[in-house]
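The structure appears below as structure tokens.
Every number here is computed from the coordinates shown, using simple stated rules; none is lab data. Being a predicted model, the structure only gives us computed values, none of them experimental. Here the Cβ positions follow ideal geometry from the backbone for every residue, glycine too, while neighbour counts run over all protein chains shown.
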Amino acid sequence: MPNLMTRNSHSSSRWVPGSDKGIAIFVLVRVTEIILSQHITPAQLLQRMLLGVACVFSMAQAQAQDSRIAIFDSQRVIRESVPAKAAEAKLKVEFSKRREELEGLAKKIKAMAEKLDKDAPVLPETDRIKRQREITELDQDFNRKQRIYNEDLNQRQNEEIASLVERAQRAIKQIAEAEKIDVVLQDVVYSNPRIDITDKVLKALSK
């Protein structure tokens, strides 16, 4: 997972301790650390991290007069951005073999269980118990492999989402600086489409 504190400490824009920017970047780092320590889905990870960025920007500019405000839709970034679609396709290929193995094992267990049910009335007790034990052991192996698969997939999804978050943050910052926007908010209840920069963020992420 990317170390945001390290990246920010080497940024070309130096944060001044005690200033609004200094406080903002400290809060952003702490918010990010807290979020990444939680076990949440990739979509929730992106939402919470970008929401943290939006809140920090809002705090840093709270005292500004005549502030220019913009909003963006994080769900569209998740659904429509080129990096998100590319990451989804990459993970599908990366985990396809393991997914097929799990599907094959599940079918095998089902077939064995159905055959046992069919044969049980005429099976000797020892044979029935032996086959039940085999099915149980296979089922336990399936559950173990499925748990590991889900953990690995979730970790890789979070890594890809973290990369997308970093790129989205840079895109939002560049747009805000170019258009002299003071505050960028995420996923508001209502806003005038005139101040929505989501299309610009998606365009920047497609490059």
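In this entry, region 69-178 is assigned a mean projected area of 9.4 nm², taken as a quarter of its C-alpha convex hull surface.
Enumerate the amide H contacts of Asp196 below 5 Å, restricted to partners 5 or more residues apart or on another chain; note that Pro and chain-start residues carry no placed amide H. Amide H neighbours of Asp196: Ile71.
For region 135-164 and region 82-124, what is the separation of their Cα centres, given in Å? Region 135-164 and region 82-124 have Cα centres separated by 13 Å. The residues packed around Asp199, meaning those with a beta-carbon under 15 Å from its beta-carbon, carry a net charge of +2 if Lys and Arg are +1 and Asp and Glu are -1.
3J(HN,Hα) along region 118-135, derived from phi through the Karplus expression 6.51 cos²θ - 1.76 cosθ + 1.60 where θ = phi - 60°, amounts to 6, 8, 3, x, 10, 7, x, 4, 5, 5, 5, 5, 4, 5, 5, 5, 4, 5 Hz, with x in place of Gly and Pro. Full extension of the chain segment joining Gln132 with Ser191 gains 15.2 nm, where the gain is 0.36 nm per residue of separation less the Cα-Cα distance.
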